[in-house]
Amino acid sequence: MEYILVLCTINDMNKAKEISGKLVREKLAACVNIIPKISSIYFWKDEIVEDEEYLMLIKTKNILFDELKQRIIELHPYEVAEVVSLKIDNGSKAYLEWIGNSTK
């Protein structure tokens, strides 16, 4: 089974917790860590923007990515939500099994 780490930024801690809770309850994610107060600098609508955001680190199965991505887009307040995945090449066997058992 393949596992992934999904990255998603958001500008509101309460919304980050709301989205994270729904993803875990719906078994689309085994766990979501929320890292507070990251600085994001990006190009948006012909301007360079600097924002304080929160980074959600979402652990899940690769086969759930499309469903998870769609659910985040439905719940996320941004016009264009960041939803990118990174393959987990290695990890402790027990932790990876826990991800598998905690998701659909």
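Quick look at the values:
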| quantity | calculated |
| --- | --- |
| Accessible surface, the chain, averaged per residue in Å² (probe 1.4 Å) | 62 Å² |
| ³J(HN,Hα), Karplus 6.51/-1.76/1.60, whole Hz, each residue of region 37-49, x for Gly, Pro | 6, 8, 9, 10, 10, 8, 9, 8, 6, 6, 9, 8, 10 |
| 5 Å binning of all Cα-Cα separations within region 22-67, expressed as whole percents from 0 upward | 5, 19, 18, 16, 13, 17, 10, 2 |
| Residues with amide H under 5 Å from that of Cys31, placed H, sequence gap 5 or more | Lys59 |
| With Cα atoms, 0 to 90° folded angle of helix 93-102 axis to the chain main axis | 80 degrees |
| Charge dipole (debye, nearest 20) of the chain; +1 at Cβ of Lys and Arg, -1 at Cβ of Asp and Glu | 680 debye |
| Per-selection Rg to Rh, region 1-51 - Cα, Kirkwood hydrodynamic radius | 1.07 |
| Carbon and sulfur %, accessible surface of the chain computed with the full protein complex present, 1.4 Å | 51 percent |
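The values are calculated or read from the model by the stated rules, or taken from the named source; none is laboratory data. No experiment lies behind these values; they were computed from the predicted model shown. Positions of Cβ are generated from backbone atoms using ideal geometry, with glycine treated the same way; all protein chains shown enter the neighbour counts. Each accessible area value is taken on the protein alone, full model and side chains, heavy atoms only, with ligands, DNA and RNA left out. Shrake-Rupley method; radii C 1.70, N 1.55, O 1.52, S 1.80 Å.
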